[in-house]
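These notes are about the structure you will find just below.
FYI, it's all coordinate maths here, none of it is from the lab. Being a predicted model, the structure only gives us computed values, none of them experimental. Backbone-built Cβ (ideal geometry, glycine too); neighbour counts: all protein chains shown.
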């Protein structure tokens, strides 16, 4: 069976940045379940999976615009320290979570002041091309529950 929209692919992978540094290594781990075409993985990898079948192994390079996007210089925001759980421990360059109206967001600390913290809200990998080494271990049709939840379950059963 080939991977198509709304199928579930079980994959193992390695992720490297443009410099070739290993960022994630899940190549020998239990496979990760992905529901194709539902935005659960970066666009470039999602597209690269299409048409592949169980047993396929391949490598794909994903440009920044199909990964976490281009860096946007206007994404620096000044935020009151009261919105950070660990404000006293934060230093420039550190990543932390910021509570927002839309949930928690990962940000990078740029500057720490007396009452405010300047943060970069770009994704830490924004502006970087990424390379994936992928092994597909299984492809199956998504269950109705997976389609309604818009994500895959490792064994095809609902665990919510």
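Among 44, 129, 20, the largest mean-square fluctuation in a Gaussian network model of the chain (Cα springs under 10 Å) belongs to 20.
With bins 10 Å wide beginning at 0, the percent of Cα pairs of the chain falling in each bin runs 10, 31, 29, 22, 8, 1.
The calculated FRET efficiency for residue 53 paired with residue 17, based on their beta-carbon distance and R0 = 30 Å, is about 0.60.
What shape does the range 73-120 have by the C-alpha gyration tensor, where a ≥ b ≥ c are the square roots of the eigenvalues, rounded means a/c under 1.5, and otherwise prolate means a/b greater than b/c and oblate the rest?
On the way: a/c = 1.40, a/b = 1.11, b/c = 1.26.
Judged from the Cα gyration tensor, the range 73-120 comes out rounded (a/c under 1.5).
Applying 1/(1 + (r/R0)^6) with R0 = 30 Å to the Cβ-Cβ distance of residue 137 and residue 5, what FRET efficiency is obtained, to the nearest 0.05? Provide the component values of the computation, followed by the final result.
Numbers: r = 20 Å, r/R0 = 0.66.
In this case the efficiency is close to 0.95.
Just checking the listed ones, 103, 127, 69: in the Gaussian network model of the chain with Cα springs under 10 Å, the one fluctuating most is 103. Here the contact order of the range 51-151, divided by its residue count and restricted to Cα pairs under 8 Å and six or more residues apart, works out to 40 percent.
Could you tell me the center-to-center distance, by alpha carbons, between the range 98-136 and the range 36-88 in angstrom? Using only Cα atoms to place each centre, the spacing works out to 11 Å. Of all DSSP-defined beta bridges confined to the chain, some 100% are antiparallel rather than parallel.
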